[in-house]
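Below is one structure; the comments refer to it alone.
The values are calculated or read from the model by the stated rules, or taken from the named source; none is laboratory data. Computed from a predicted structure; not experimentally measured. Heads up, the Cβs are rebuilt from the backbone with ideal geometry, glycines too, and the neighbour counts pull from every protein chain shown.
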Amino acid sequence: MGLDDRDALQTLRAAVDADMVGRLYTRWFATDMSARDLFPPDLAHQRDNFAHALTWLLSELIAQHADEPVAFLAQLGRDHRKYGVTAAHYQSLATALLGTLRAELPGSWDARVAEAAADVVQLLTGVMGGAAEAEPGLPYHDGTVVDHIRVTRDVSMIRLQLDHPLDYHPGQYLTVQVPQWPRRWRYLSPSIPADPGGAIEFHVRSVSGGMVSTAIVGETRPGDRWRLSNPHGALHVDRDDGDVLMVAGSTGLAPLRALIMDLCRYGVNPRVHLFFGGRFPCDLYDLRTLWEIASTNPWLSVTPVSEFATDPPWAADYPDVQPPRGLHVRQNGLLPAVVTRYGGWGDRQILVCGGPGMVTATTTALIAKGAPPERIQHDPLH
Ligand SMILES: Cc1cc2nc3c(=O)[nH]c(=O)nc-3n(C[C@H](O)[C@H](O)[C@H](O)COP(=O)(O)OP(=O)(O)OC[C@H]3O[C@@H](n4cnc5c(N)ncnc54)[C@H](O)[C@@H]3O)c2cc1C
C-alpha cells in the first residue's frame, strides 16, 4: 500500500502543522547539530514554509498525483545545495521526521500508517538528496559588490561582479544572501540579462520594517561579498504571441527591464507598453534608461505613473528622476486604476511585477476588465 494508501496518508496529513514541524526541528537538531547551522536563528518562517510544503505534498499524494511533487522536491533539493545541505543531513532528517510522525500519532500508528510514513519520508529525502547529488552545476555563485547607487530615498541599484558568470533567462529571479544577514536568503530579480562577463545588477527597495532590504539599501559597500542561488521563475515574453503589457511597481521594474533589454537584441518585436509606477514622481528611478531604450526602439512605449502628483521636500536630496521629454505624460493614480483606464488589455500578453498587494490588485482589476487570467504572468507572491 504505502503511497497508495489514501487513508494512511490522510492520517499523516492531519498530524502536520507548524507546531509539529517545530518539534521535528528540535528532534533533528538534537541528533544532528550541524543541521542547526543551515538555518537562520529565527525559525518561524521556516516552520510555516515546511509545514505548508509537507501538507501540499501529502495532499498531492492523496490525490494520487506523483509528477508535480517529484518535480517540486527535485527542484527543492537542487536549490538546497546553496545552504550546504549534504547527503548526511537528508539521512538525519529522514530519521527525525519518521520519529516525529510516530510520536505525533500515538493512537493511530499501525502497520499501514508506518508503511505510508516510511514511503513519504523516503520520497521526500530520496528525491531531494538524489536531485542534489545529480546536479552538476555550482550550488551557489559568489560575487563582489562593485557599485551601490542610491537612486531614491529607499531604492538602491547594486552592481556585482560574480566570480563565475551566471546563466539565467531574463525575467527570472534568484535568492541572495548578504553579509549583513547570514542565512537570511531573500528573492531578488536581476535587472539586466545574463552577462557572459559575470556582471549582474539588482534594484532593491527598502521595505519599512524589513530586515534584509533595509540592510542592503542602508549598509551595502563595494567589496561586500554576496552569495546567489541558481535562478528560478518563468516570467517571459513570447515574441510570437502578440503585443505585450507590462506593469511594474517600484523595483518590480527589474525583471521587466531585463526582458526589455533582451528584446533590444531583435530588430522586430511585438509592441510593448510598460506602465512604471511609484508613490511619488521621484520614486520613478529608472526613467532615463527606459527613455533611452524607447528612443531607439519604436516597439517600446513607457507610461510613468505616480500615486501623488508632486514630490515631497526630501526628494531634493536624491538624483533628479524627472522623465526626459519624449516619454508618455506621467499619469497620476494607483497602477490598477490607471492601467485599466485604457481597457482590459485582453489581446495582450500581460506581465505584472511588484509587491504582493500591487500584483494582486492589478491582476484583479485587469481580469474584471476582461483580461484572460491565463494571459497574465507574475512571480510567486511569497
Ligand atoms: C520572486 C520575487 C522576486 C523579488 N524581487 C525583488 C527585487 O528585485 N527587488 C526588491 O527590492 N524586492 C524583491 N522581492 C522582495 C524581497 O524578496 C523581500 O521580500 C523584500 O526585500 C523584503 O525583505 P526584508 O527582509 O526586508 O523584509 P522581511 O523582514 O522579510 O519582512 C518585513 C515585512 O515586510 C513585508 N514585506 C515583505 N516584502 C514586501 C514587499 N515586496 N512589499 C511590501 N512589504 C513587504 C513583510 O510582509 C513583513 O511584514 C522579490 C520577492 C519575490 C517573491
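For (1) on the phi < 0 side of the Ramachandran plot; (2) part of a strand (DSSP E or B); (3) more than 10 Å from the ligand (Cβ to nearest atom), each residue gets a yes or a no:
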| site | (1), (2), (3) |
| --- | --- |
| M157 | yes, yes, yes |
| Q161 | yes, yes, yes |
| H164 | yes, no, yes |
| L174 | yes, yes, no |
| W181 | yes, no, no |
| P193 | yes, no, yes |
| I216 | yes, no, no |
| P222 | yes, no, yes |
| R239 | yes, no, yes |
*So P255 fits all but one of (1) under 25 Å from G343 (Cα atoms); (2) touching a Ser or Thr at 6+ places or on another chain (Cβ under 7 Å); (3) in a helix (DSSP H, G or I); (4) away from the ligand (no atom under 15 Å from the Cβ); what number is the exception?*
(4)
_One residue is enough: does the stretch 190-208 have a residue meeting the conditions under 26 Å from L259 (Cβ atoms) and among the hydroxyl-bearing types (S, T, Y)?_
yes
_Hits in the stretch 258-272 - residues which are touching a helix residue (DSSP H, G or I) at 6+ places or on another chain (Cβ under 8 Å) and within 16 Å of the ligand (Cβ to nearest atom)_ = I260, M261
_Conditions (1) more than 25 Å from C282 (Cα to Cα); (2) surrounded by fewer than 21 Cβ atoms within 10 Å (Cβ to Cβ); (3) more than 16 Å from the ligand (Cβ to nearest atom): number failed by D147_ = (1)
*Would you mind telling me which numbered condition in (1) modelled with pLDDT of 90 or more; (2) not in a helix (DSSP H, G or I) P40 fails?*
(1)
*Just one of (1) aliphatic (A, V, I, L, M); (2) out of contact with any helix residue (DSSP H, G or I) (no Cβ under 8 Å at 6 or more places or on another chain); (3) surrounded by fewer than 17 Cβ atoms within 10 Å (Cβ to Cβ) trips up I192, so point out which.*
(2)
_I'd like to verify a number: residues in the stretch 241-252 that are touching a helix residue (DSSP H, G or I) at 6+ places or on another chain (Cβ under 7 Å), outside any helix (DSSP H, G or I) and of a type outside the set (A, V, I, L, M, F, W, C), how many?_
1
_Could you go through the stretch 323-331 and let me know if any residue there is surrounded by 12 or more Cβ atoms within 10 Å (Cβ to Cβ) and within 16 Å of the ligand (Cβ to nearest atom)._
no
